Amino acid sequence: MDYSAITTQFNKRYGREFSLYASPGRVNLIGEHTDYNGGFVFPGAIDKLIVAAIKPNDTEIVRVYSYDMKETAEFALDEKPTASWALYIYGVISEISKRGLKVGGFDCVFGGDIPIGSGLSTSAALESTFAFALNDLFNLGLARIDMALIGQAAEHNAVGVRCGIMDQFASVFGETDHLIRLDCRSLEYELVPFHPKNCRLVLLDTQVKHNLAASEYNIRRAECEEGVATIQKKHPQVKLLRDVSLDLLNDFKKELKESTYRRCRYVIEENQRLLDACEALKHDNYTEFGKKMYGSHEGLSKEYNVSCKELDFLVSIAIKNGALGARMMGGGFGGCTINLLEESHYAAFVEEAIAAYKIEFNKAPKIYEVKIGKGSHKIA
Ligand code: GLA
């Protein structure tokens, strides 16, 4: 990403000296809505970033300019700002101080090239950028896992979305050309090399901003917790849906609301799909991997009910065009589909998807080609 506009703005507003930090957005190949259930996810950081130029200013005040919003925010370290984008920064500061660590005020200009509201985790990238930068500038001694957890807690407490750990983890821990198979219960992870032969990943952005996402997201999480609470009464060792097999869930089918049962079943099945998909990848079996992606979409759309007609349409175009796999990605209700294609199908698929989507919805989807890039880092 060309970040010269950000550094130029910093020079204009706050002077010549600064440090420069970056954190990426993420894709997730499979394993959706499994993270907050203690399951597995399979994300990778992407080569789209939030970049921040920052300098401590020896006060207790934060002064930030959002290059993309063309807005400034100024707030004391312990004062909740009004601008919604500044809440993420405030959230990170506040979670750091809850850990008994101290940061000072700073001046900052930040911006990025992650499309906002497209399910590529701009918010996690923002949180990770500040957790990483403040750790470095104020010598906080945080480990990477602390930075990810601080970002997640900021999202819960300052923003109000009870997200899992996937996005912040991928943003902080990403490695070039590697996906991360993360166990969200133990937080153990494995870096899986990802350079599929003769295949390509492409994202199609429905251009539907996921407005419903925050409220419906929290509702889905509560439904999963309700399922666990019911099962726990007879099986106290069950703490998360990860601890529940399909057979055990079925024993409780009559006691659960129909929708709660379906949500829980989706999560248990999705977790298994991820394990099977990772096994297929070990043998370079992209056909099988792709089938699991389609299965994931089917579940997200019909059982978990977090898709929308635009996402379903793009997945149906992928099926028609012989894509190996396709699914909605992230929280849902809009944003992108992620598609796995043989190189030879790529051009025709993209052309057809644009044309068909235009006819159906009167607008074109955006196309993003992403590379798997590295996690939070200092640029200079
Ligand atoms: C959002 C959340 C993640 C995860 C996904 C769905 O991106 O931030 O924690 O739950 O949705 O898999």
Selection within segment 186-214 - over 25 Å from Phe130 (Cα atoms) and within 16 Å of the ligand (Cβ to nearest atom): Leu203, Asp205, Thr206, Val208, Leu212
Residues of segment 343-363 satisfying the condition of being outside any helix (DSSP H, G or I) and free of Cβ contacts under 8 Å to residues at least 40 places away in the same chain: Asn362
Test: residue in segment 356-366 that is at pLDDT 95 or above, within 30 Å of Ala53 (Cα to Cα) and more than 16 Å from the ligand (Cβ to nearest atom): yes
Any chance Leu134 is touching a Leu at 6+ places or on another chain (Cβ under 7 Å) and not in a helix (DSSP H, G or I): no
Options Thr176, Thr206: the member that is surrounded by 17 or more Cβ atoms within 10 Å (Cβ to Cβ), hydroxyl-bearing (Ser, Thr, Tyr) and either at negative phi or touching a Pro at 6+ places or on another chain (Cβ under 8 Å) (or both): Thr206
All positions within segment 92-131 that are β-branched (Val, Ile, Thr) and assigned to a helix (DSSP H, G or I): Val92, Ile93, Ile96, Thr122, Thr129
Matching residues, segment 22-72, being more than 24 Å from Leu324 (Cβ to Cβ) and in contact with a His (Cβ under 7 Å, 6 or more places away or on another chain): Ala22
Test: residue in segment 130-145 that is within 16 Å of the ligand (Cβ to nearest atom) and of a type outside the set (Asp, Glu): yes
Enumeration of residues in segment 259-312 that are farther than 23 Å from Ala356 by Cα and either aliphatic (A, V, I, L, M) or not in a helix (DSSP H, G or I) (or both): Val267, Ile268, Leu274, Leu275, Ala277, Ala280, Leu281, His283, Asp284, Asn285, Tyr304, Asn305
Pick from segment 155-181, criterion away from the ligand (no atom under 11 Å from the Cβ) and within 19 Å of His33 (Cα to Cα), ranking: modelled with the lowest pLDDT: Gly160
Selection from segment 319-342 of residues that are within 16 Å of the ligand (Cβ to nearest atom) and assigned to a loop (DSSP other than H, G, I, E, B): Met329, Gly330, Gly331, Gly332, Phe333, Gly334, Gly335
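Per-residue answers, yes or no, for (1) at pLDDT 95 or above; (2) hydrophobic (A, V, I, L, M, F, W, C); (3) more than 30 Å from Glu225 (Cα to Cα):
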| residue | (1), (2), (3) |
| --- | --- |
| Leu87 | yes, yes, no |
| Cys108 | yes, yes, yes |
| Gly112 | yes, no, yes |
| Ala131 | yes, yes, no |
| Ala143 | yes, yes, no |
Extreme residue, nearest to the chain's Cα centre (by Cα), among residues of segment 96-127 that are buried (at least 24 other Cβ atoms within 10 Å of the Cβ) and either more than 15 Å from the ligand (Cβ to nearest atom) or over 30 Å from Glu310 (Cα atoms) (or both): Gly112
Strands (runs of 3 or more DSSP E) wholly inside segment 33-77 containing at least 1 residues that are within 15 Å of the ligand (Cβ to nearest atom) and touching a Phe, Trp or Tyr at 6+ places or on another chain (Cβ under 7 Å): 43-56
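The values are calculated or read from the model by the stated rules, or taken from the named source; none is laboratory data. Since the model is a prediction, treat every value here as computed from it, not as a measurement. Cβ sites come from the backbone with ideal geometry, for glycine too, and all protein chains shown count toward neighbours.
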